[in-house]
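Quick notes on the structure that follows.
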C-alpha cells in the first residue's frame with residue numbers, strides 16, 4: 001500500500017475518532033489496535049495515549065499496512081479537552 005493511500009486512511013480515522021468525547025477517549029484501553037480490511041488490503045490502526053491530564057487527553061493515531069510501513073507508519077495526534085472541544089489536525 002502506498003503512503004498516500006495510508007494518509008487517506010489516516011484522514012478517515014482522524015475524522016472518525018475526533019467525533020468521540022473526552023470521557024470516551026479516557027476510558028479506552030491503550031494501546032488500542034485493530035486490523036482492518038480483507039485479503040491483501042489489510043491495514044493496522046493503533047491509538048496510544050500520549051498525555052492524560054485532568055483538562056485533556058492527548059492521543060496518537062498511526063496507520064500502517066503489513067509491509068515496510070509497519071516500521072514507518074503514518075501518524076498524527078488529537079487532543080480531546082474536558083470542555084468538549086477537540087483539536088484535530090487536517091491530514
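Pick from 57, 63: which is under 15 Å from residue 20 (Cβ atoms), touching a helix residue (DSSP H, G or I) at 6+ places or on another chain (Cβ under 9 Å) and touching a residue at least 24 places away in the same chain (Cβ under 8 Å)? Don't jump to the end; show me each part of the working.
Values: 63 fails: under 15 Å from residue 20 (Cβ atoms).
Only one candidate passes the filter, namely 57.
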Quick check on my filter: what residues within segment 40-51 are more than 16 Å from the chain's Cα centre (by Cα) and either over 23 Å from residue 8 (Cβ atoms) or assigned to a loop (DSSP other than H, G, I, E, B) (or both)? 40
Counting only residues in segment 72-88 that are part of a loop (DSSP other than H, G, I, E, B), loosely packed, with under 14 Cβ neighbours inside 10 Å and modelled with pLDDT of 95 or more, the one farthest from the chain's Cα centre (by Cα) is identified as 83
(1) modelled with pLDDT of 95 or more; (2) in contact with a helix residue (DSSP H, G or I) (Cβ under 9 Å, 6 or more places away or on another chain); (3) not in a strand (DSSP E or B): which one isn't true of residue 69, the others all being true? (1)
Of (1) assigned to a loop (DSSP other than H, G, I, E, B); (2) within 18 Å of residue 4 (Cβ to Cβ), residue 20 satisfies all except one. Which? (2)
Pairs with Cβ under 6 Å, 6+ apart, first in segment 1-24 and over 11 Å from residue 91 (Cβ atoms), second part of a loop (DSSP other than H, G, I, E, B): 22/82
Can we say residue 85 is out of contact with any helix residue (DSSP H, G or I) (no Cβ under 7 Å at 6 or more places or on another chain) and closer than 18 Å to residue 14 by Cα? yes
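The values are calculated or read from the model by the stated rules, or taken from the named source; none is laboratory data. Computed from a predicted structure; not experimentally measured. No Cβ is skipped: glycine too gets one built from the backbone with ideal geometry, and neighbour counts run over all protein chains shown.
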